[in-house]
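Every read-out reported here was derived from the displayed coordinates using simple, explicitly stated rules and does not represent laboratory data. Small disclaimer: the values here were computed from a predicted structure and weren't measured. Cβ coordinates were reconstructed from backbone atoms using ideal geometry, including for glycine residues, and neighbour counts include every protein chain displayed.
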Amino acid sequence: MWLAFGIVAQFVCNEYVPGLRFTSVAGQVAGSVVLLLGLVLLVFAGGLFKQADTDMVPFKNVSALVTTGVYRFTRNPMYLGMALILLGCAVIVGVATAFIVPVVFMLIIQYRFILPEEQMLLELFPEAYPAYCSQVRRWI
């Protein structure tokens, strides 16, 4: 839902508070590549949750700590994928104010989801989760 709000906010920025505008074919291509990278990351991370038979919905039915695949490089690849999607959209939209949205998104996700999820995972996996955190960064 936050991703959808972010995308809408970027188009609102484009219409009502664009600030500096920049558009080019190279920008469109670069933004599309970043957006697709975010989608791929999101899909791969979600697939690993499905393989581990644990729920992708935050705070629901956590049955496994996923540490393989893309989770070896970031503890939050789904959130990172969404942030990349927003970053790619900002480049595609081509207005400076759209770049505020990925930053605000990451702050909301950090405080509304990631920090509480980390506390929950610490309680569910008191030995494995701290060891995992010591090896893998939160974002990148």
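Sorting the segments 122-134, 76-88 by their mean number of nearby beta carbons within 10 angstrom, highest to lowest, gives 76-88, 122-134. Amide H contacts for V95 (H built 1.01 Å from N in the peptide plane; partners 5 or more residues away or on another chain; cut-off under 5 Å): F22. Once the chain from L39 to V57 is taken as fully extended at 0.36 nm per residue, the excess over their C-alpha distance is 4.8 nm.
For the chain, a Kirkwood radius taken over Cα pairs fed into Stokes-Einstein (37 °C, viscosity 0.692 mPa s) yields D = 205 µm²/s. Length gained on full extension, F113 to F73, computed as 0.36 nm times the residue gap minus the Cα-Cα distance: 12.5 nm. Extension gain for the segment I140 to W2, taken as residue separation times 0.36 nm less the Cα-Cα distance, is 47.7 nm to one decimal.
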